[in-house]
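Q: The structure is given below, and queries will be raised subsequently.
The values are calculated or read from the model by the stated rules, or taken from the named source; none is laboratory data. Just so it is clear, the structure is predicted and the values come from calculations on it, not from any experiment. Here the Cβ is made from the backbone with ideal geometry for all residues, glycine too, and neighbour counts use every protein chain on show.
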Amino acid sequence: MRIGVLTSGGDCPGLNAVIRSVVHRAVVDHGDEVIGFHDGWKGLLECDYRKLDLDAVGGILARGGTILGSSRVQPAQLRDGVAQALSHVEDLGVDAVIPIGGEGTLKAARLLSDGGLPIVGVPKTIDNDISVTDVTFGFDTAVGVATEALDRLKTTAESHQRVLIVEVMGRHTGWIALHSGMAAGAHAILVPERPFDITEVAERVGERFSAGKKFAIVVVAEGAKPQPGTMKYEQGSTDAYGHERFSGVARQLALELEDRLGKEARPVILGHVQRGGTPTAYDRVLATRFGWHAVEAAHRGDFGNMTALRGTEIVMVPLAEAVDTLKTVPAERYDECGCVL
Ligand code: F6P
């Protein structure tokens, strides 16, 4: 069998572990041939690829990023490219395509699968917001990076008696904010799922200072929004894909809290540091299992599906289900965050 693998969308620690696992299972155990398309769907559309053998994946398990490169392709470009992708797959004798990606990639995978491409998806995202899998690899690493940053920021906040507002990734969902905030004992956690009341946040931080505490840490997901019309400072811009990003919610909050509390406040935007570097052991294991199961699914002809973690088991779920809704932080999980000011 000939398998084509690609990584698409924002990168994520663990991508290389999947690629390595696919090659190990396919080449060593099944005697398959594996090729890797460069820079995501673009590589498939432009027939830009290289052969992946054991040497090609040597030493990559612990490496962040993706050896294949990644890119984002506009949905319209893909819609127009279905026939082209099909003909490249046929010409190259590829029997299965394994795209590794997040929400956008899995949507594209579904489109191409409906168009006749033999696809086995593998989900990834540091945001952990893909609904049909309990966890995506990359999340554990991102939470670890954010938690370490929060621990460090506490000591400088205390020295200067400041409020530090730490913006973590999470365009649509607050999983990284919730988990890192809980792990580091943040004093307030703001997530996109629950528009925040700035007056309440300011009151709570103010009460902490009144009680004699020297600093406060607020963790905010980049997609968190204030209740409409409650804040003086403007939110940021929208990118070419219509995503609100680098909205500057931390900057906005710092300005508001300084104004309202008369305390120094500093925004810290963690950004892509959460996506870079070596994956945790947990993420390496999950990524490796996903790769192994994707190859098995390809051999069964189990196309149009993707790998998912349910409890401790890896199962296959239809791509159609995977992209229907995002996994948001449920109210009861948010209520457990235990923020004590
Ligand atoms: O989808 C994962 C994510 O990390 C989001 O949380 C973030 O908004 C986005 O990627 C930013 O990605 P990029 O800068 O690569 O477009």
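Q: With respect to Glu167, determine if the residue is at pLDDT 95 or above and within 16 Å of the ligand (Cβ to nearest atom).
A: Here the answer is yes, as Glu167 does meet what is asked.
Q: Of all the residues that make up the range 12-34, how many are crowded, with 24+ Cβ neighbours inside 10 Å and either under 16 Å from the mean Cα position of the chain (by Cα) or at positive phi (or both)?
A: 7
Q: Of all residues in the range 305-326, how many are without any contact (Cβ under 8 Å) to a residue 12 or more places away in the chain and of a type outside the set (Ser, Thr, Tyr)?
A: Qualifying residue count for the region: 2.
Q: Would you mind stating whether Val145 is of a type in the set (A, V, I, L, M, F, W, C), more than 22 Å from Val18 (Cβ to Cβ) and assigned by TED's automatic domain parsing to the domain that holds Glu258?
A: So Val145 does not fit the description; no.
Q: Do the conditions hold for Ala250, that is, is it touching a residue at least 12 places away in the same chain (Cβ under 8 Å), closer than 23 Å to Ile126 by Cα and surrounded by 15 or more Cβ atoms within 10 Å (Cβ to Cβ)?
A: So Ala250 passes the test.
Q: Follow-up question, since we're still on this one. I need the full set of residues from the range 3-52 which are away from the ligand (no atom under 16 Å from the Cβ) and assigned to a loop (DSSP other than H, G, I, E, B), in order please.
A: Gly31, Asp32, His38, Glu46, Cys47, Asp48, Leu52, listed by residue number.
Q: Identify, by number, the condition in (1) touching a Phe, Trp or Tyr at 6+ places or on another chain (Cβ under 8 Å); (2) closer than 21 Å to Asp283 by Cα; (3) without any contact (Cβ under 8 Å) to a residue 60 or more places away in the chain that Leu44 doesn't meet.
A: Among (1) touching a Phe, Trp or Tyr at 6+ places or on another chain (Cβ under 8 Å); (2) closer than 21 Å to Asp283 by Cα; (3) without any contact (Cβ under 8 Å) to a residue 60 or more places away in the chain, the lone unmet condition for Leu44 is (2).
Q: So which residues in the range 190-210 are of a type outside the set (D, E, K, R) and within 16 Å of the ligand (Cβ to nearest atom), if there are any at all?
A: Within the range 190-210, Leu190, Val191, Pro192 qualify.
Q: Do we find that His172 is touching a strand residue (DSSP E or B) at 6+ places or on another chain (Cβ under 9 Å), within 13 Å of the ligand (Cβ to nearest atom), in contact (Cβ under 8 Å) with a residue 60 or more places away in the chain and in the same structural domain as Glu256 (by TED's automatic domain parsing) in this structure?
A: So His172 passes the test.
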